[in-house]
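Before any comments, here is the structure.
The values are calculated or read from the model by the stated rules, or taken from the named source; none is laboratory data. Not measured: the values here are computed from a predicted model. Ideal geometry is used to build each Cβ from the backbone, glycine not excepted, and the neighbour counts take in all protein chains shown.
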Amino acid sequence: MSPVRAVFIKELLDSLRDKKAVMSAMLFPIFGPAVIYFMMTAMISIRSEVQETAVPIQNMDNAPHLIRWLTERGVTFERFDGDARDAVEAKDKDFVLIIPDAYQKRFAESRTAYVEVVHDSSRADAQAATQRIASLIRGYNGEIAALRLITRGVSPDVMRAVEAREIEIASKQQIAARALTFIPMYIVLAAFVSGMGVAVDSTAGERERSTLEALLINPVDRSVFVTGKWLAAAGFASVGVILTMLLCVIVLQHIPLEELGLKFQVTPMQVIAMVLATFPLAFLATSMQLLLGIFAKSFKDAQSYIGFLVFLPMAPAIFTVFNPIATQTWMFAIPCLGQHLLLTDVMGGKPVPAVGYVLSAISTMIVAAGLVQVTARFFKRESIIFS
């Protein structure tokens, strides 16, 4: 048995015997997709509730034609008597639609007739319902305005001097992938979370238990110990990445995304491509964690240091949301960013060049191997063991 293999098996068995280590490694891969499921189903539920909720209205009889038009489009009403401001402020109602007494007269005279929507814009839970009724009223306004022009012998096209016609070239799959941009972030984040407990325990944990000295007195090069520990932690991280990815795909298949206007399907080949894209990150993440772990004097200290690493995989996703970029070949060579771009393109069904997978894998593994060598050099210092 080679020394690296011996250290790898030792670290792997120690971690598997530790129930807390296994639980911490598998918690995020299970918890992350569960959060996605409940978040998406909650959005769908809120949208359904908005469409089914009756609109509280005052003075309904003042606008019979408007009420009939809205009813034909699936809106139901409930009469409301009382102070609309107090009801909205007390959160008894999301909003209240008020038809002023002057509405019918102004409407009959072809003047601008006003309706009032009393709402609280600071309430996020009421925005969907408020925006829905406001959008419908704008649609009614456009239809009535066109009819008034026609009765005067004027074409409604006169009011549309210039109109932009959007020609969408993105597929429905690509649009859905853009809306689900947080999925690649979850998958990449799994690489940094799943192997963290093993990486920290095999460095700061052993240092805290005073077992690191007994291990290092063996006549074996320090890089052997570091490589074995690295591969064991990377094994946990790899399992976490694959589990997170598979559960996310399963969850998305069971969410009625069509109710949100999204169409998303994942083929087995896409799943394989996503695994190939993210697999190297497991090695990069654990190499960073090993390096930081040796500077901590205890397991607790190491967790506080390494906790900042979780922001690294989130950075590309946040950056591309606020600063959309056109993917170029050289970008695949940047660790984390390359994996994020690969996942986004694969989810959207875009053809990804093979060089993208090669560049991202090679660059990520080179950086990871370099960090392992740096960690091995630090292991040769007595201050790491005895301080």
Members of the stretch 353-369 that are modelled with pLDDT under 85 and crowded, with 20+ Cβ neighbours inside 10 Å: none
Sole residue being more than 24 Å from Ala176 (Cβ to Cβ), in contact with an Asp or Glu (Cβ under 8 Å, 6 or more places away or on another chain) and touching a residue at least 40 places away in the same chain (Cβ under 8 Å), chosen from Ala368, Ala376, Ala361: Ala376
Single condition Lys20 does not satisfy, out of (1) more than 25 Å from Ala190 (Cβ to Cβ); (2) surrounded by fewer than 12 Cβ atoms within 10 Å (Cβ to Cβ): (1)
Whichever residue in the stretch 68-101 is free of Cβ contacts under 8 Å to residues at least 12 places away in the same chain and within 23 Å of Ile144 (Cβ to Cβ) and, among such residues, is surrounded by the most Cβ atoms within 10 Å (Cβ to Cβ): Thr71
Residue, nearest to Val226 (Cα to Cα), within the stretch 323-351, restricted to residues that are among the β-branched types (Val, Ile, Thr) and surrounded by fewer than 21 Cβ atoms within 10 Å (Cβ to Cβ): Ile334
Listing of helices (runs of 4 or more DSSP H) fully contained in the stretch 161-241 that carry 3 or more residues being touching a residue at least 60 places away in the same chain (Cβ under 8 Å) and more than 20 Å from the chain's Cα centre (by Cα): 196-200, 212-216
